[in-house]
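The values are calculated or read from the model by the stated rules, or taken from the named source; none is laboratory data. Fair warning: this is a prediction, and the values are worked out from it, not measured in the lab. Methodologically, a virtual Cβ is constructed for each residue, glycine included, from the backbone with ideal geometry; neighbour enumeration extends over all protein chains shown. Calculation scope for accessible area: heavy atoms of the full protein, side chains included, ligands and nucleic acids excluded. Shrake-Rupley method; radii C 1.70, N 1.55, O 1.52, S 1.80 Å.
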Amino acid sequence: MRPFPTLRTVCSALAFAAGVVACASEVPTIPNPAGISSVTILGFPDTLGSGDISPVDVHVRDSGGRDIAGRDVRLASSDVNVARIDPSGRVRAVAAGKATISATVDGVAGTAVVVVSGEPAQLHLRRSDGSTVPTLVEGDSGIANDGAVEHREIYLESGILQLTGGAQPDYQTTLHYAWYVVTRDATGQRHLALKSTLDIADHGSVQYDARGDLVMTSATASDIAHDASAETGGFTMHYRSSPSTAVQPSALFFRREPK
């Protein structure tokens, strides 16, 4: 990123106040027709694990603190070997270190420092509203071994999404399910009796689409296809066990835990 001119002399300061573009002996000052006072970068956490991705939120304001919309924002990273930022505004953690992310609008710049740890990015399953699992996946009734009718419910109780590998990360997911038999006592109170558990693990490679979202190719099964959109708090993963468009993907939200 090329540095923009600054007001270094009395002459240039007077010229700016009078609306003159430049003094004869000075480098021209970039005009600021929108009255931009500040550019602030928000949204991404101070520390990201290697392979993690998080969008940035750029706020452009005038001298009165009002938001200015519709301006082109130029994004850059001081060290692309540590962290990269794509045109859509997503920071990608590459390798351990520190990098300064800058956003420049009409010559006014804002910066923020991102720290990349050497640890893999690890995100924990949450509900879409931010609360913790378990969440009911399926419920049905069947005949038990003794001939009695029993009601069963399957819950997704926990899950982890891990990203490793920096610029070209791999992913790994582990989803923990539990199968319960549901009974009711004389007062109508529900009781869950654990019948069995099942962990479903998947791993593979990550690529990026035109928007910068993650496209995940499974190395364990040819009929698993899913993608994840990076959000401020983590990733919303759309998990599909079949490539058929007739099968609706499940949406799982993996939240980045505070350091």
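What length, rounded to one decimal in nm, is gained on full extension from I143 through to D86, with 0.36 nm per residue of separation minus their alpha-carbon distance?
15.0 nm
With N residues in segment 64-162, what two-decimal value do you get for its Cα radius of gyration over 2.2 N^0.38 Å?
On the way: Rg = 23.7 Å, N = 99, 2.2 N^0.38 = 12.6 Å.
Against the compact-globule rule of thumb, the ratio is 1.88.
Under a crude label model (7 Å from the Cα following the beta-carbon direction), how far is R61 from E119 in nanometres?
In this crude spin-label approximation the distance works out to 3.3 nm.
Within a Cβ distance under 11 Å of P134, other residues only, what is the Lys/Arg minus Asp/Glu net charge?
Spelling it out: positives minus negatives among the neighbours equals -1.
In percent, how large is the relative contact order of segment 145-232, given Cα pairs closer than 8 Å and 6 or more residues apart?
21 percent
Measuring from a point 7 Å past the Cα of E150 along Cα-to-C-beta, which residues in segment 182-206 have an amide N at less than 17 Å?
182-185, 190-198
If I model a spin label as a point 7 Å beyond the Cα along the Cα-Cβ vector, how far apart are those points for A96 and T236 in nm?
3.5 nm
Express the carbon and sulfur contribution to the solvent-accessible surface of segment 34-97 as a percent, rounded to the nearest whole number, probe 1.4 angstrom.
In segment 34-97, the share of accessible area belonging to carbon and sulfur is 45 percent.
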